[in-house]
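I have placed the structure first, in the form of structure tokens, so that the comments after it can refer back to it.
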Amino acid sequence: MSDHNDQRPEPQRTPLKESRFEPYEVNRPIPIFVLAVAVALMAWGVYTLWSNSGPATESAALEEAPTVGTTGDRDVADGQGSLMTVGASLFESNCVTCHQANGSGISGAVPPLAGSRYVTGPAEAPVQILLHGISGVIAVAGNEYDGRMPRFGETLSDREIAAVVSYIRQQWGHDAGAVTPAFVSEQRGRFEVGRSPLGGGAEIEAVTGISARLTRTAATEASQ
């Protein structure tokens with residue numbers, strides 16, 4: 001009897017039920033303040049990239065190719081050596097087409113500068129001619145010219161005109177003195193802005209005292 005009782009099956013245990021829990025994340029939207037800061041930083045970055053790539057390039061190009069006025073003012077302030085350099089540059093860009101690099105002018109059309117009494121005589125003459133231009137008959141180096149030279153008083157500063165005049169007064173064998181911006185300013189004040197061109201050799205004589213008629217040979221004209 002005891003053996004029968006010892007062989008009774010053990011009571012079966014009920015297995016634990018599997019957990020049905022599934023992890024999940026709560027949907028929490030990004031705060032509006034954080035979004036605003038992110039958008040502002042992005043906009044600032046785009047603007048910085050654009051400003052560094054566009055306008056900076058344009059500014060560099062302008063620095064590599066400066067305007068005549070700016071370059072002339074800076075160099076003229078450095079002394080006479082720079083005055084000649086600026087004068088040469090301005091002459092090349094404004095005068096060479098008509099008066100030629102060697103100052104010979106164009107036969108029958110444009111009077112020469114080399115050896116001209118209007119260049120090496122009283123400095124008032126080349127300054128006034130550059131400021132106001134010429135329209136009418138002018139006798140140079142034994143020949144008469146009846147053309148029209150444009151004025152530069154409205155496009156070139158006092159320092160730039162001083163540079164050009166100083167340059168031509170010391171080129172092609174000339175040994176005339178340089179002029180200063182102050183002298184050009186004084187000459188500019190003699191006449192109203194935008195006045196008509198000088199009336200050929202006759203008016204130049206009235207303004208500067210240089211005779212309109214040649215009294216010596218062309219070879220010695222520069223000494224008049």
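The values are calculated or read from the model by the stated rules, or taken from the named source; none is laboratory data. None of the values given here were measured: they were computed from a predicted structure. Cβ coordinates were reconstructed from backbone atoms using ideal geometry, including for glycine residues, and neighbour counts include every protein chain displayed. For accessibility, only protein heavy atoms count, side chains too; no ligands or nucleic acids. Shrake-Rupley method; radii C 1.70, N 1.55, O 1.52, S 1.80 Å.
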Going by what's in this entry, would Val127 be described as closer than 17 Å to Gly209 by Cα, touching a helix residue (DSSP H, G or I) at 6+ places or on another chain (Cβ under 7 Å) and open to solvent by less than 10 Å² (accessible area, probe 1.4 Å)? yes
Condition check for Arg151: surrounded by 14 or more Cβ atoms within 10 Å (Cβ to Cβ) and basic (Lys, Arg): yes
Taking the range 144-164 only, how many residues are farther than 16 Å from Val193 by Cβ, out of contact with any helix residue (DSSP H, G or I) (no Cβ under 8 Å at 6 or more places or on another chain) and not hydroxyl-bearing (Ser, Thr, Tyr)? 3
Going through the range 158-178 one residue at a time, which ones are of a type in the set (Gly, Ala, Ser) and surrounded by 20 or more Cβ atoms within 10 Å (Cβ to Cβ)? Ala162, Ala163, Ser166
Among (1) without any contact (Cβ under 8 Å) to a residue 24 or more places away in the chain; (2) buried (at least 20 other Cβ atoms within 10 Å of the Cβ) - the single one Ser104 does not satisfy: (2)
Taking helices (runs of 4 or more DSSP H) that fall entirely within the range 89-195, which contain at least 1 residues that are touching a strand residue (DSSP E or B) at 6+ places or on another chain (Cβ under 8 Å) and β-branched (Val, Ile, Thr)? 124-132
